[in-house]
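Remarks on the structure that follows.
The values are calculated or read from the model by the stated rules, or taken from the named source; none is laboratory data. Bear in mind the structure is a predicted one, so any value in this text is a computation, not a measurement. Glycine also receives a Cβ, built like all others from the backbone with ideal geometry; neighbour counts cover every protein chain displayed.
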Amino acid sequence: MLELAILGLLHESPMHGYELRKQLTTKLGAFRFAISYGSLYPTLRRLQADGWITEGAPPTGMPASTEEVPLLTGKRGRVVYTITAEGKERFQELLSAAGPETYDSEAGFGVHFAFFARTDPSTRLRILEGRRRRVEERREGMRDVLSRAAERLDTYTLELQRHGLDACEREVRWLEELIANERKGTTPQPPSAEGPERSS
């Protein structure tokens, strides 16, 4: 998943390692996708060894860093990473995947969803439907626990189960809306500046 995320961001523009980590956190933070330098730089080295990215000095006109680079990054903060033609092909290959790794986990689904605009419609639909099945399975498991063992749970554990069930139900509704949009060939609409209207 980190490989897909890095290639996707570098497909948009070359970046320093520090900026890349920041963009990964910003773009994928909603899916709890925590990135440390200890996982980022080994992945960058592997992608470079595979020929999918290159590293070099900043191009003419590009600042040494878009922001102040933490001291711990040393010279790495001045290196710019760029995707290669082979890397772009690899990115498209990863985008076309629609197996369990694309919807079983929060991180896997989140990374793929972040690049849905570059994913073909049939793959988007398969991933959304797979994710809905997984969340429905989790929801049914929680309902089963609540129906069979609620009287044996302490109030805090019971409240946690209810919270998890509510989250599953909200995600299923969200996924069903996205799936309906995909089948109609429409994209999600951002809320208006005045906020969504609510029917009474």
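Some observations on this one:
- Some residue of the range 153-166 being surrounded by fewer than 18 Cβ atoms within 10 Å (Cβ to Cβ), in a helix (DSSP H, G or I) and hydrophobic (A, V, I, L, M, F, W, C): yes
- For the residues ALA117, ALA85, the requirement of being loosely packed, with under 14 Cβ neighbours inside 10 Å and at pLDDT 95 or above singles out ALA85.
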